[in-house]
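Below is one structure; the comments refer to it alone.
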Ligand code: TYM
């Protein structure tokens, strides 16, 4: 049975990339699938241990989920640290995964920088915890932005190695299902999770440089639209977005080599639930002086109600806290079943 899982870190402010690459997709997926959405507070201490107000940051991501339209009654919304099994399964996966796999992760290389010896061990093991998040619920589908693709491939590698290494014990315990791994038929316990990365804006780029990802760490605030920006600020950032002098083309092919135009078209398409071609059908041949004001209006129309609702929810945290507490209880019940199986498969007494 399909099960959707995804997580967002409570670090810094959410931006348009997080919204279009992840949260907006969560809202669409919840119509058809059972979903679990997690604020991954344990991940947020890997790069920076001490946070000024981690509790408030955690609540604000949960508020963004709810404000964007996620239904916390039908689906599970919770924070990672409230379900200890995430850490327990991550430890087991630390023993399944190889150091070489972790060393190859581009996010680790970027975040650790030159002084790799001095990065936290948690930053290196980050993908193990992420695999645990997903596989604890035996989730089949994970909606994320393009930057998480490599981590999801690693999640599959971990699931596959666990299934192969423990194949005989999984079979003996009667807990697995038969699955093909390459040519080999094994009795597997963890599913091969599929990433859901598609859509018109899987990688939202900086508004100042179409070759750089939109990110919370970019020193220029003009490079990103924050979920907390007011209408005036959103409008100004889009009007100031870097573009080239040519009008918008009629066909997708002609967008190639024009990263800034490509980015704005992708964002517009994602915000209006259209394809990029449909956007070009409407605006092909027009100048950016026409497209940008329409773009700003659309962005404000979509984002303003979410921002307002987030602020309303944050004004009284007790409601958000109750949602997270209830969600953690439900998540814990599923997680404990998985851990009982895993302990049995491994042979812990
Ligand atoms: P995080 O917290 O950095 O980002 C949350 C989500 O936003 C997406 N995203 C983007 N999408 C498009 N364009 C961008 N510029 C952009 N920037 C960020 C991310 O891809 C992500 O989907 N490791 C994860 C959190 C995590 C997780 C998980 C995700 C932990 N456990 C289990 C899925 C399943 C992360 O750091 O995302």
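State yes or no: is residue 224 within 14 Å of the ligand (Cβ to nearest atom) and crowded, with 20+ Cβ neighbours inside 10 Å?
Working: within 14 Å of the ligand (Cβ to nearest atom): yes; crowded, with 20+ Cβ neighbours inside 10 Å: yes.
Here the answer is yes, as residue 224 does meet what is asked.
Looking only at the range 94-131, how many residues end up being away from the ligand (no atom under 11 Å from the Cβ) and outside any helix (DSSP H, G or I)?
Matching residues across the range 94-131 total 8.
Is there a residue being in contact with a helix residue (DSSP H, G or I) (Cβ under 9 Å, 6 or more places away or on another chain), in the same structural domain as residue 63 (by TED's automatic domain parsing), more than 9 Å from the ligand (Cβ to nearest atom) and modelled with pLDDT of 95 or more anywhere in the range 17-26?
yes
In this structure, does residue 67 turn out to be more than 16 Å from the chain's Cα centre (by Cα) and surrounded by fewer than 18 Cβ atoms within 10 Å (Cβ to Cβ)?
On the way: more than 16 Å from the chain's Cα centre (by Cα): yes; surrounded by fewer than 18 Cβ atoms within 10 Å (Cβ to Cβ): no.
Judged against the criteria, residue 67 is not a match.
Criterion first (more than 12 Å from the ligand (Cβ to nearest atom) and modelled with pLDDT under 95) does residue 34 satisfy it?
On the way: more than 12 Å from the ligand (Cβ to nearest atom): yes; modelled with pLDDT under 95: no.
No, not satisfied.
Determine which member of the set 310, 339 is touching a helix residue (DSSP H, G or I) at 6+ places or on another chain (Cβ under 8 Å), touching a residue at least 24 places away in the same chain (Cβ under 8 Å) and either surrounded by fewer than 16 Cβ atoms within 10 Å (Cβ to Cβ) or under 20 Å from residue 66 (Cα atoms) (or both). Give the derivation first.
Numbers: 339 fails: either surrounded by fewer than 16 Cβ atoms within 10 Å (Cβ to Cβ) or under 20 Å from residue 66 (Cα atoms) (or both).
Checking each option against the conditions leaves just 310.
For the range 161-176, name all the residues that are outside any helix (DSSP H, G or I) and out of contact with any strand residue (DSSP E or B) (no Cβ under 6 Å at 6 or more places or on another chain).
Within the range 161-176, the first condition is being outside any helix (DSSP H, G or I), and the residues that meet it are 166, 174-176.
Correct list: 166, 174, 175.
Would you say residue 70 is within 16 Å of the ligand (Cβ to nearest atom) and outside any helix (DSSP H, G or I)? Show your work before the answer.
Values: within 16 Å of the ligand (Cβ to nearest atom): yes; outside any helix (DSSP H, G or I): yes.
Criteria met by residue 70.
Can residue 41 be described as in the same structural domain as residue 321 (by TED's automatic domain parsing), within 14 Å of the ligand (Cβ to nearest atom) and surrounded by fewer than 23 Cβ atoms within 10 Å (Cβ to Cβ)? Talk me through it step by step, then tell me what you get.
Numbers: in the same structural domain as residue 321 (by TED's automatic domain parsing): yes; within 14 Å of the ligand (Cβ to nearest atom): yes; surrounded by fewer than 23 Cβ atoms within 10 Å (Cβ to Cβ): yes.
So residue 41 passes the test.
How many of the residues in the range 191-202 are within 11 Å of the ligand (Cβ to nearest atom) and outside any loop (DSSP other than H, G, I, E, B)?
Matching residues across the range 191-202 total 2.
So residue 55 fits all but one of (1) under 15 Å from the mean Cα position of the chain (by Cα); (2) away from the ligand (no atom under 13 Å from the Cβ); (3) not in a loop (DSSP other than H, G, I, E, B); what number is the exception?
(1)
Would you say residue 158 is within 10 Å of the ligand (Cβ to nearest atom), in contact (Cβ under 8 Å) with a residue 24 or more places away in the chain and either within 29 Å of residue 19 (Cα to Cα) or assigned to a helix (DSSP H, G or I) (or both)?
no
Would you say residue 326 is over 30 Å from residue 173 (Cα atoms), in a helix (DSSP H, G or I) and not assigned by TED's automatic domain parsing to the domain that holds residue 77? Lay out the reasoning, then the answer.
Details: over 30 Å from residue 173 (Cα atoms): yes; in a helix (DSSP H, G or I): yes; not assigned by TED's automatic domain parsing to the domain that holds residue 77: no.
Here the answer is no, as residue 326 does not meet what is asked.
Out of the range 287-307, which residues are farther than 24 Å from residue 19 by Cβ and in contact with a helix residue (DSSP H, G or I) (Cβ under 9 Å, 6 or more places away or on another chain)?
The first filter runs over the range 287-307 and keeps only residues farther than 24 Å from residue 19 by Cβ, leaving 287, 289-290.
The one that is farther than 24 Å from residue 19 by Cβ and in contact with a helix residue (DSSP H, G or I) (Cβ under 9 Å, 6 or more places away or on another chain): 290.
Limited to the range 12-38, what total is found for residues that are outside any helix (DSSP H, G or I) and surrounded by fewer than 21 Cβ atoms within 10 Å (Cβ to Cβ)? Working first, answer last.
Let us first name the residues in the range 12-38 that are outside any helix (DSSP H, G or I), namely 12-15, 30-38.
Filter once more, keeping what is surrounded by fewer than 21 Cβ atoms within 10 Å (Cβ to Cβ): 12-13, 30-34.
So the count comes out to 7.
Out of the residues in the range 132-152 that are without any contact (Cβ under 8 Å) to a residue 60 or more places away in the chain and within 8 Å of the ligand (Cβ to nearest atom), state the one that is surrounded by the most Cβ atoms within 10 Å (Cβ to Cβ).
148
Could you please give the count of residues in the range 203-216 that are more than 13 Å from residue 16 (Cα to Cα) and within 10 Å of the ligand (Cβ to nearest atom)? Please lay out each step first, then the result.
Taking the range 203-216 as the starting set, the residues that turn out to be more than 13 Å from residue 16 (Cα to Cα) are 208-212.
With within 10 Å of the ligand (Cβ to nearest atom) added as a condition, the list becomes 212.
Going through the range 203-216 one residue at a time, the tally reaches 1.
The values are calculated or read from the model by the stated rules, or taken from the named source; none is laboratory data. From a predicted model like this one, the values you see are computed outputs, not experimental measurements. For neighbour counting, all protein chains shown are included, and Cβ atoms are generated from backbone atoms with ideal geometry for every residue, glycine included.
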